[in-house]
Amino acid sequence: MMNIKYTIMAGCLLVMGLASCEMKNEILGKEDGSSEMGLLNLGVAVDAKNNDVQTKADANPGTPESIPSVSATGYIVEISNSTGVYKTLTYDPTNASVELPVDSYTMYAHKPGGPTETDPYYGGSTSFAVKKGEATDVTVTCKMENTKIQLVYSTEMQTSFTSWSITVKAGTRSKVLTYSGTEAFAQPSAFYWMLDEGVKEITVSFVGKNKDNKDIRESRVITKPASAESSDWLGGDALAITMKPGTYDPENPNGLQGIEISAEVTWNGLTDSVDVPVVDDGGDEPEGPVDPSDPSAIKVSIPLTTYTLPDDTDKKAEAIATITSESGLKSMKVVIEAGNSGFDSVISDPQLIEKGCDFSKGVEFVGATDSSPVMTLIKMIAPNLKAPAAGATSYQFPLGEFFQAVSIYQTTTSANGHVFKIRLEDNDGNVNDETVLSIIVK
């Protein structure tokens with residue numbers, strides 16, 4: 001942990017030296033002072049075919065989705081070398097040449113903004129080298145990085161059931177789709193999830209009433225087929241789940257016998273959809289409409305979600321995310337994506353990661369003690385930040401406390417700056433992972 005302290009102190013001492021070096025580079029017209037330059041002609045393409053799953057079910061769900069044509073204009077391109085992000089730019093196919101020093105690079109291009117549940121999120125990376133006096137042509141193809149899930153109702157669903165509630169769950173994510181019988185019958189929209197690592201099962205729970213006013217309660221577990229490269233559900237997987245009524249038996253007191261669920265999936269590099277295993281859930285039948293995770297049960301308010309320094313330095317005291325939860329906080333995990341290599345060296349210290357404090361994956365704050373690895377670091381970079389107690393119904397996350405620490409490392413090289421993603425869970429199982437805050441240093 002002493003290494004972190006010395007790193008921060010060294011950062012302060014280096015500021016004046018760095019400033020003089022930067023002035024020299026500005027005079028020379030070179031960002032790194034190198035006289036050996038080459039030209040990068042970059043291209044960005046979007047492969048959107050995995051955003052379309054054509055089902056092979058007998059049901060006629062309506063007009064199938066057509067493979068969308070997605071433009072890469074406006075995508076964010078981050079060019080990195082061995083020291084971190086060297087240059088960030090917005091892709092414009094009409095002006096796609098960049099002069100770079102001779103070096104080896106990695107280029108990551110992605111859709112602007114963060115992932116949402118309503119849209120696919122595309123990103124891709126490639127490596128290349130720039131040679132002195134030569135032009136290098138490099139194209140990166142962006143593919144879907146989240147998992148698409150599409151429910152498809154057969155036409156018999158409306159004629160066999162008066163209402164239903166379907167819960168889809170994968171890891172910490174869940175979503176409920178309902179039909180009350182009073183609204184127009186329509187196919188549900190696809191949704192997109194950035195799933196946690198290691199999710200191997202997607203559970204579909206159905207609770208409905210048939211035309212005989214009998215309850216139908218069933219649950220299925222969907223796993224990846226054996227032919228898939230990974231048994232985990234990953235970004236780029238596109239899953240189509242078809243729902244249709246089971247067999248109708250007029251002699252059975254319950255009439256309609258259950259629900260039939262089938263599924264197909266495609267993934268990156270796969271052209272045709274593949275049937276996937278769908279088995280009965282070994283647990284108890286759903287007792288009622290399975291309660292969804294309600295993000296609105298945990299409320300977060302903050303004056304701004306993005307602060308730019310030094311312009312917003314005087315807003316430090318008000319840069320506070322106020323979190324409220326009636327049932328009390330069970331978990332608050334914070335992911336930090338450093339906006340430059342200097343701050344990244346602090347939050348990615350190997351000693352921290354060895355002790356389970358990995359901000360790239362999310363660090364738990366609820367119940368953290370003053371002597372814990374995360375709070376030992378926080379004391380140095382955000383001294384007035386306190387960890388929330390387990391069951392707290394209100395908590396304030398002081399983003400402004402990070403202003404001084406991130407300013408030590410000067411200009412952010414990532415277009416989004418230093419990004420703080422806060423994932424909250426309350427004691428009722430509600431999850432709110434929609435809070436994304438950022439600090440940009442000019």
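The values are calculated or read from the model by the stated rules, or taken from the named source; none is laboratory data. Just so you know, these numbers come straight off a predicted model, no measurement behind them. Neighbour counts are summed over all protein chains in view; Cβ atoms, including those assigned to glycine, are modelled from backbone coordinates with ideal geometry.
Selection of the range 346-383 for residues being under 24 Å from the mean Cα position of the chain (by Cα), crowded, with 20+ Cβ neighbours inside 10 Å and touching a residue at least 24 places away in the same chain (Cβ under 8 Å) yields VAL346, ILE347, LEU352, PHE359, VAL363, PHE365.
Considering SER331, SER325, SER394, the condition of being surrounded by 19 or more Cβ atoms within 10 Å (Cβ to Cβ) and at pLDDT 90 or above is satisfied by SER325 alone.
Considering THR90, THR155, THR182, the condition of being within 30 Å of ARG423 (Cβ to Cβ) and of a type in the set (S, T, N, Q) is satisfied by THR90 alone.
Taking the criterion of being assigned to a loop (DSSP other than H, G, I, E, B), more than 24 Å from GLY84 (Cα to Cα) and of a type in the set (D, E, K, R), would at least one residue in the range 398-411 satisfy it? Taking every residue of the range 398-411 in turn, none turns out to be assigned to a loop (DSSP other than H, G, I, E, B), more than 24 Å from GLY84 (Cα to Cα) and of a type in the set (D, E, K, R). When the range 122-151 is filtered for residues that are part of a strand (DSSP E or B), among the small types (Gly, Ala, Ser) and over 30 Å from the mean Cα position of the chain (by Cα), only ALA135 remains. Which residues, counting only those in the range 427-441, are modelled with pLDDT of 90 or more and more than 18 Å from LEU385 (Cβ to Cβ)? ILE440, VAL441 - these are the residues of the range 427-441 that are modelled with pLDDT of 90 or more and more than 18 Å from LEU385 (Cβ to Cβ). Within the range 140-157, identify whether any single residue is over 30 Å from MET243 (Cβ atoms) and touching an Asp or Glu at 6+ places or on another chain (Cβ under 8 Å), and answer yes or no. Yes - at least one qualifying residue is present in the range 140-157.
Output the residue which, of all residues in the range 272-322 that are closer than 27 Å to SER163 by Cα and assigned to a helix (DSSP H, G or I), is modelled with the highest pLDDT. So, considering only residues that are closer than 27 Å to SER163 by Cα and assigned to a helix (DSSP H, G or I), the one modelled with the highest pLDDT is ALA297.
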